[in-house]
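Before any comments, here is the structure.
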Amino acid sequence: MKRLYCLSLLLILLLTAACTSLDNVSVESLLAAKETGEESFASTQEAYLLYPDDERVLYNYAYMLLYYGRYDDAVRICDEALVSSPRSLRFLYLKASALKAAGRHQSFISTLEDVLSFDAANTDVMLDLAGYYDTFFKKDEAVHYASQVLKYDPENRSAIGILAHYSDYFRSIAGAETEEKAAQGNYGEKGMLPEMNIASATELFSSHYRKAETLI
């Protein structure tokens, strides 16, 4: 009887392992790049329907939604992932990128501030916020975040370039190229709202995650 129980238990474990292995293969197969972007999107969407709790699936699906201009849907998928992983930088960066592309400025700011609430030394996020506020001539906020960057990275040329707009001292040490680049702001022409498009969002996302491609 004991032997029969052990054999039954072993069979269950083997079947469970086999199912898990098949699931992994299925997820990876669905997320693998296809011949066309449309096929890749359809396959990723199918993966989401089958495995809605898999973070690999959520990440790839949210990124593809962003890529195809479905910004609000991308934000929704990121929020689903953030329920179980509220401090996931890659989902927060991806969400911020989608919000930026959609022109949802206050939510974009709030998402980056969420990152700083638990990653206070994240100079990339500080620069994004400094550049945003500088673009819209919000001096106090721009100076605050740019100054915070210099606390961690005293020679950061982007932060110095932003501060050069408001300080003779920083203007004197900022090179001409830095000043010209900073004068453009992160959003193009200063004081102008960005268009709803993928280009600026991909640039923001790539600057944080260092890759602009669909990843498993």
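The values are calculated or read from the model by the stated rules, or taken from the named source; none is laboratory data. Predicted model, so just to flag it, every value in this text is computed and none were measured. All Cβ positions, glycine included, derive from the backbone under ideal geometry; neighbour counts span all protein chains shown. Side chains are part of the model used for accessible areas, which takes the heavy atoms of the whole protein and leaves out ligands, DNA and RNA. Shrake-Rupley method; radii C 1.70, N 1.55, O 1.52, S 1.80 Å.
All of Ala101, Ala121, Ala81, Ala74 fail the test of being open to solvent by less than 20 Å² (accessible area, probe 1.4 Å), within 30 Å of Ile160 (Cα to Cα) and touching a helix residue (DSSP H, G or I) at 6+ places or on another chain (Cβ under 6 Å), apart from Ala101. Would you confirm whether any residue within region 50-58 is in contact (Cβ under 8 Å) with a residue 60 or more places away in the chain and among the basic types (Lys, Arg)? Taking every residue of region 50-58 in turn, at least one turns out to be in contact (Cβ under 8 Å) with a residue 60 or more places away in the chain and among the basic types (Lys, Arg). Among the residues of region 80-114, the ones that are aliphatic (A, V, I, L, M) and under 11 Å from the mean Cα position of the chain (by Cα) come to 7 in all.
Condition check: modelled with pLDDT of 95 or more, closer than 26 Å to Pro154 by Cβ and not polar (S, T, N, Q). Does Lys95 satisfy that? In short, no. Please work out if Tyr166 is open to solvent by less than 70 Å² (accessible area, probe 1.4 Å) and either under 30 Å from Met64 (Cα atoms) or modelled with pLDDT of 50 or more (or both). Judged against the criteria, Tyr166 is a match.
Flag: Asp134 matches the condition of being of a type in the set (Asp, Glu) and either at pLDDT below 95 or crowded, with 19+ Cβ neighbours inside 10 Å (or both).
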